[in-house]
Amino acid sequence: MNFVERVLLLRDSSDIKTFTLSCDVLRDASHVSAWISAAVRRNVQQLYIGLYDFRKPFSLPHSLFTCMTLRELELEMPCILKLPPTICFTNLKTLNFSYVTFTKEHSTEKLFSGLPVLEELELQNCNWVNLKVVSISAPKLLSIRIVEDREDQNDENGCQVMISGVSLNYFRYVGEFYNEYHVHNSPSLVEASVLASWYNKRKRHIAHHMYMLLTGFSSVKKLTLAFYAVEVLTYAVEVVELLPHMPIFNNLEYLVLESVNLNSVALLKILQKSPRLKTMVFSELNCIKSMDYEGDEEDAICCKDFAQESSGLGQNGHNFSHHCKGT
């Protein structure tokens, strides 16, 4: 600790480009806050913070949230993030939150609307507690990645997370849909990936959230659906009633499927709603591989007939592909 104090607080006034801090806070919250403040005063550009084992309430220094030189921020902090009244990251382009808990709707809204040049956002196992709706809106946002795999991280009914960005072109979700995510006003979205898993006791809940997320993917060109993301739509009775209203994927050309049931009603509906689909890839079936077939004849006939009957795939030079395992 004394060494850190000497380096940060007693050094000259030259700038710090990159600052990484990973430690147990214990009862040294004031020292940790002082170190972060010192990096901010030195015009830090890249800041990586991992704080653990809190023995009392902790607050990040307010100056961090108005740092004009900060371009990249990674924050892993398994506790409540206390946000100041003023938030404005004027030059922040990359933001990564891990295990952070958000509890105040107004301040959380200010945080995710005060990112005028943000390009990349990643949320890993973040908690939305006492929040009904959160909006994430950044005009320059290019990609967003969301991971949530802990059941105890949110309120029972979850939170509606509204995501919009006119420049957004990539979306990835991994988890069990403890919250409901909506993508809207994102005409530039060209690639999306959903790796979802589910349990019988929550399948209807997950299916509804899955359906609501798909409604925002009408502009995507490449779509990856894995880990029962398709099957759960079929098995949930309430959502089957929504399937006829599945959005049309007008621009979808490349569809990747994993762990999928070829008899899935939901898959059939997705294919019927994809008029421009050119290539479909199965990663866990012995079907057909582009150019060179590596499955058996019976599987080939089954998969090819399914594709042709559902959407015309395999005709007019379209590809029906399979990444074979163990070949």
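The values are calculated or read from the model by the stated rules, or taken from the named source; none is laboratory data. Predicted model only: the values in this text are computed from it and were never measured. Cβ coordinates were reconstructed from backbone atoms using ideal geometry, including for glycine residues, and neighbour counts include every protein chain displayed. Each accessible area value is taken on the protein alone, full model and side chains, heavy atoms only, with ligands, DNA and RNA left out. Shrake-Rupley method; radii C 1.70, N 1.55, O 1.52, S 1.80 Å.
Accessible area ranking (1.4 Å probe, heavy atoms, ligands and nucleic acids excluded), largest first, for His245, His208: His245, His208.
Measuring only protein heavy atoms, the 1.4 Å probe finds Ile87 accessible over about 20 Å².
Around Ser164, under 14 Å between beta carbons, what's the net of Lys plus Arg minus Asp minus Glu among the other residues? Neighbourhood net charge equals 0. Remark: the stretch 58-195 carries a charge dipole of roughly 580 debye about the Cα centre, counting +1 on each Lys and Arg Cβ and -1 on each Asp and Glu Cβ. Note on Lys221: lysines with a C-alpha under 26 Å away, same-chain residues under 8 apart excluded, are Lys93, Lys140, Lys269, Lys273, Lys278, Lys289, Lys304, Lys325. Straight-distance candidates among the lysines for linking to Lys56, with alpha-carbon spacing under 23 Å and chain neighbours fewer than 8 residues away dropped: Lys82, Lys104. Of the peptides 173-186, 104-117, the ranking by mean beta-carbon count within 10 Å, highest at the top, reads 173-186, 104-117.
The label point for Arg276 and the one for Ser59, both projected 7 Å from the Cα toward the Cβ, are 5.1 nm apart.
Between Lys82 and Lys140, the distance separating the two model label sites (each 7 Å from Cα on the Cα→Cβ line) works out to 3.1 nm. Count the net charge of all other residues whose Cβ sits under 14 Å from the Cβ of Ala29, scoring Lys and Arg as +1 and Asp and Glu as -1. Summing Lys and Arg as +1 and Asp and Glu as -1 gives +1.
For Arg202 and Ser14, what is the calculated FRET efficiency with R₀ set at 35 Å and r taken between the beta-carbons, to the nearest 0.05? So the FRET efficiency works out to roughly 0.05. Solvent-accessible area of Lys203, all protein chains in place: 50 Å² (probe radius 1.4 Å, heavy atoms, ligands and nucleic acids excluded). Taking label positions 7 Å along the Cα-Cβ direction at both Asp24 and Glu191, the computed distance is 4.1 nm, reported to one decimal.
Tally up the carbon and sulfur contribution to the accessible surface of the stretch 51-187 as a whole percent, 1.4 Å probe, everything protein left in place. Roughly 49 percent of what the probe reaches on the stretch 51-187 is carbon or sulfur. Of Arg276, Arg202, Arg27, the order by accessible heavy-atom surface (1.4 Å probe, DNA, RNA and ligands excluded), from most exposed downward, is Arg27, Arg276, Arg202. Sorting Ile270, Ile248 by accessible area puts them as Ile248, Ile270; the probe is 1.4 Å, largest comes first, and only protein heavy atoms count.
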